[in-house]
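Comments concern the structure below.
The values are calculated or read from the model by the stated rules, or taken from the named source; none is laboratory data. Small disclaimer: the values here were computed from a predicted structure and weren't measured. All Cβ positions, glycine included, derive from the backbone under ideal geometry; neighbour counts span all protein chains shown. Each accessible area value is taken on the protein alone, full model and side chains, heavy atoms only, with ligands, DNA and RNA left out. Shrake-Rupley method; radii C 1.70, N 1.55, O 1.52, S 1.80 Å.
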Amino acid sequence: MNVIKCRAAVAWEPTAPLMMEEIEVAPPQEGEIRIKVVATGVCHTDLYHLFEGKDKRGFPTVLGHEGAGVVESVGPGVTDFKPGDKVIPLFLSQCGECKFCKCPKTNLCDRNWSSKYHDIMSDPTTRFTCRDQPILQFMGTSTFSEYTVINQIAVAKIDDDAPLERVCLLGCGISTGYGAAVNTAGVTPGSVCAVFGLGAVGLAAVMGCKNAGASRIFAVDINEQKFEKAKVFGATDFLNPKAYNKPISEVLAEMTNGGVDFSLECVGNTEVMRTALESCVKGWGVSVLVGWTDVKDFSARPIQLISGKTWKGSLFGGFKSKDSVPNLVCDYMNGKIKLDEFITHKMSLEQVNDAINLMKTGQCIRCILNISK
């Protein structure tokens, strides 16, 4: 097997624009798969690494972790995949053998890059080089490239008829928000929910609350332009915290006779996390942290938990990745979950900096980059 030369958007350093480069992609090694990336979403976690995490050890890197493509070749020992298979790369692996994979209570995997390298958001081992230096593979995936190489424990084989330019969203944002509601929160029929932050993850959480049978779903965001979209996914009430002269948790408590049954924080902001907890009803309220952040501490008064509330977190919606993503693809194809409605823009890989800017300024929900034919 040969080295492939292809186009990729390289992040050479924090906060700088991505640069279009020709990179070399090495052949897949034992247990690895080389994938031709067809389409990818741009997720806020890509921006987080670039603009908020800013750990210099995590650069240079190829960002992108919400993609879909086709198997180009497989390394030795790979039996479940063959060239031509449609696949979704997974930032969360499922080896099936570690103590976490064997436990039904979690979707973590000990062999994932995040076990040791969550601060730099990539494993130091990479199959990419550019200008004679190694380029990291962000979150183990790197979908802002025409080709990528990923271990088989972090790849899901999906339906041959799946439209890749839509189901790529199940590689992160939509699965994350939807699962946070249906799996982690465990939203119950007839319950009252509040979702904080109406990006793709928050809107997917709204969809999860609706599918789980919630009777009222409060959509909370300081950008009122997001409310129309939230209605499409099932939100019933809309709140802009800036429109009130008291904390939004108090507003919610008044509107719901003491607070909501379930709240989901889909921003990645520690202040909003506290607000989401304080918006829950005492006795049984559950608040879930969904937005990714690792730069600040969160805080709350102990009485919040002593009074019977539960505060928990969710990674990839609690879905065991390899098992669940093919099923979610089928759910989309059978009309059980929405994907098309999240997509507001389509661009080429060369326009990646425009896509990043749209997300940074809150002008898009999801922008899909068409990577290759």
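With a point put 7 Å past each Cα toward its Cβ, work out how far S348 is from D294 in nm, to one decimal.
3.5 nm
Quick check: at a probe of 1.4 Å, how many percent of the accessible area of segment 228-373 sits on carbon and sulfur atoms? Walk me through the intermediate numbers first.
Numbers: 3580 of 7250 Å².
Here it works out to 49 percent.
Take the alpha-carbon centre of segment 330-373, take the same for segment 220-267, and report the distance between them in whole Å.
Centre-to-centre distance over Cα atoms comes out at 25 Å.
Relative to the longest principal axis of the chain, what angle (0 to 90°, nearest 10) does the C-alpha long axis of helix 200-211 take?
Helix 200-211 sits roughly 60 degrees off the main axis of the chain.
Treating only the Cβ atoms of Lys and Arg (+1) and Asp and Glu (-1) as charged, compute the dipole magnitude of segment 76-157 about its Cα centre; round to the nearest 20 debye.
On the way: 10 positive and 8 negative charges, 51 e Å.
About 240 debye.
Over the chain, what is the percentage of antiparallel beta bridges among all DSSP beta bridges, to the nearest 5?
Working: 34 of 62 bridges.
DSSP beta bridges in the chain are roughly 55 percent antiparallel.
Considering only protein heavy atoms, with the full assembly of protein chains and a 1.4 angstrom probe, order E265, E30, E341, E250 by accessible area, largest first.
Working: E265 0, E30 130, E341 60, E250 90 Å².
Descending accessible area places them as E30, E250, E341, E265.
Using the eigenvalues of the Cα gyration tensor, what equivalent ellipsoid semi-axes result for segment 177-314 when each is taken as the square root of five times the eigenvalue, whole Å, largest first?
Working: eigenvalues 72, 53, 48 Å².
Equivalent ellipsoid semi-axes, largest first: 19, 16, 16 Å.
What are the ³J(HN,Hα) couplings of segment 217-224, residue after residue, when phi is run through the Karplus curve with 6.51, -1.76, 1.60 and θ = phi - 60°? Round to Hz, x for glycine and proline.
Karplus-based 3J(HN,Hα) across segment 217-224 equals 10, 8, 9, 10, 7, 7, 9, 5 Hz.
Over the alpha-carbon set of the chain, work out the extent along each principal axis and list the three values in angstrom, largest first.
65, 40, 36
Summing +1 for each Lys or Arg and -1 for each Asp or Glu, what net charge is found among the other residues whose Cβ lies under 13 Å from the Cβ of L169? Intermediate values should be presented prior to the final figure.
Details: positive: R166, K338, K346, R366; negative: E66, E165, D331, D340, E341.
Summing Lys/Arg as +1 and Asp/Glu as -1 gives -1.
Taking +1 at the Cβ of each Lys and Arg and -1 at the Cβ of each Asp and Glu, which of S299, I150, P89 sits farthest along the dipole of the chain towards its positive end, judged by Cα position relative to the Cα centre?
Comparing the listed Cα positions along the dipole, S299 ranks first.
For the chain, what's the relative contact order in percent, using C-alpha pairs closer than 8 Å and at least 6 residues apart? Please report the intermediate quantities before stating the final value.
Working: 928 pairs, mean separation 68.0, N = 373.
It rounds to 18 percent for the chain.
Relative to the Cα centre, what is the charge dipole magnitude of the chain, using +1 at the beta carbon of each Lys and Arg, -1 at the beta carbon of each Asp and Glu, and rounding to the nearest 20 debye? List each step's numbers first, then the result.
Values: 39 positive and 41 negative charges, 134 e Å.
Here the chain has a charge dipole of around 640 debye.
Apply the Karplus curve 6.51 cos²θ - 1.76 cosθ + 1.60, θ = phi - 60°, to the phi angles in segment 96-105 and return the couplings in whole Hz, x for Gly and Pro.
Listing the rounded values in order: x, 10, 6, 5, 6, 4, 7, 9, x, 7 Hz.
Could you tell me which residue out of A212, L264, F233 lies farthest along the dipole of segment 177-314 toward its positive end? Charges go on the beta carbon: Lys and Arg +1, Asp and Glu -1, centred on the Cα centre.
Projecting each Cα onto the dipole axis, the largest value belongs to A212.
Of the options A243, P76, L136, report the single residue whose Cα projects farthest towards the positive end of the charge dipole of the chain (beta-carbon charges: Lys, Arg +1; Asp, Glu -1).
Final value for the positive-end residue is A243.
Could you go through segment 119-130 in sequence order and give the Karplus-derived ³J(HN,Hα) for each residue, using 6.51 cos²θ - 1.76 cosθ + 1.60 with θ = phi - 60°, rounded to whole Hz, and x for Gly and Pro?
Working through the residues one at a time gives 6, 9, 6, 6, 7, x, 6, 9, 9, 9, 9, 8 Hz.
So what is the orientation-averaged projected area of segment 35-98, using the convex hull of its C-alpha atoms, in nm²? Could you put the intermediate results ahead of the total?
On the way: hull surface 24.1 nm².
Computed as one quarter of the Cα hull surface, the answer is 6.0 nm².
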